[in-house]
Amino acid sequence: MAADLTAGQQIDVAKSLLTIVDMATVWVEVGLHESDLLSVRRAQQVEFTTPANPAKTYIGKLVTIGDVVDPANRTLKVIFATSNPDSSLKIGMTADVRIPTGPSEKALLIPDSALFSTEGQSTVFVETAPGVFQQRAISTGERRGQSIVVSSGLKAGEKVVATGAGLLRSETLRGQIPTELEGEKR
């Protein structure tokens with residue numbers, strides 16, 4: 001609740017005195033380019049994160065698709081509703097929204113904590129045998145929450161180091177752990 005007045009103030013009938021807001025459910029407004037309208041009509045929900053809490057992924061359900069295209073940027077408003085039980089979402093916050101527009105597909109995901117950039121190449125540490133690790137170059141795709149899609153360089157079932165990968169990286173820099181990248185330099 002917000003009060004827009006002070007004690008002893010003259011009251012203007014055209015001015016609101018109090019604003020009461022129920023934050024249990026909030027709306028996320030997305031500016032959607034008109035060329036994406038057809039694919040979004042099939043999407044009934046979205047995933048989004050906020051800069052205030054990038055580790056938490058929220059799910060929003062489609063409420064409405066606007067009827068007016070903004071002539072300046074060719075976008076229209078699409079509104080999604082999400083529950084906000086912990087009141088972590090606030091009015092005016094920005095959000096990074098991912099709207100699924102095609103059929104779902106299987107993807108190989110790794111935690112973002114496992115990924116390093118070595119000389120401009122995305123790399124991870126793979127456990128090749130118990131207690132034996134190798135740094136391996138991979139190609140990555142889109143980010144999904146705290147995970148990253150791997151498009152090549154790994155196979156399903158291979159163990160990737162996520163916790164303690166920084167320590168392995170420092171050992172690699174000291175030449176203690178072999179890397180696939182060394183063979184490419186020679």
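Each Cα pair under 8 Å and six or more residues apart adds its separation to the average, and for the chain the resulting relative contact order is 17 percent.
For the chain, build the charge dipole from Cβ charges (+1 Lys, Arg; -1 Asp, Glu) around the Cα centre, then report which of L37, I148, A137 sits farthest towards its positive end. Checking the options against the dipole of the chain, the answer is A137.
Think of each Lys and Arg Cβ as +1 and each Asp and Glu Cβ as -1; about the Cα centre, that makes the dipole of the chain roughly 380 debye. Segment 108-128 and segment 59-74 have Cα centres lying 37 Å from one another. Helical runs (DSSP H, four residues minimum) scored at -39500 (n - 2.57) apiece and divided by the length of the chain put the mean residue ellipticity at 222 nm at -2500 deg cm²/dmol.
Each residue in T140, T6 was given a count of other beta-carbon atoms within 10 angstrom of its own, and listing them fewest first yields T6, T140.
Let me spell out the model: positive unit charges on the Cβ of Lys and Arg, negative unit charges on the Cβ of Asp and Glu, origin at the Cα centre of segment 69-167. What dipole size does that give, in debye rounded to 20?
200
Selection among L108, S83, L18 by position relative to the dipole of the chain gives L108 as farthest towards the positive end (Cβ unit charges, Cα centre).
Listed from fewest to most Cβ neighbours within 10 Å, the set V78, V63 follows the order V63, V78. Highest mobility in the GNM of the chain, judged by mean-square fluctuation with C-alpha springs under 10 Å and restricted to A72, A14, A52, is found for A14.
Close amide H partners of V28, meaning residues 5 or more places away or on another chain with modelled amide H under 5 Å apart, are F80, A81, T82. Of the residues S16, S35, S147, which exhibits the maximal mean-square fluctuation in a Gaussian network model of the chain defined by a 10 Å Cα contact cut-off? Residue with maximal mean-square fluctuation among S16, S35, S147: S16.
Note on the chain: with a GNM built from Cα contacts shorter than 10 Å, the maximum mean-square fluctuation among V26, V149, V132 falls on V132.
No value in this document is a laboratory result; all are computed from the given coordinates. Keep in mind it's a predicted model, so treat the numbers as computed, not measured. All Cβ positions, glycine included, derive from the backbone under ideal geometry; neighbour counts span all protein chains shown.
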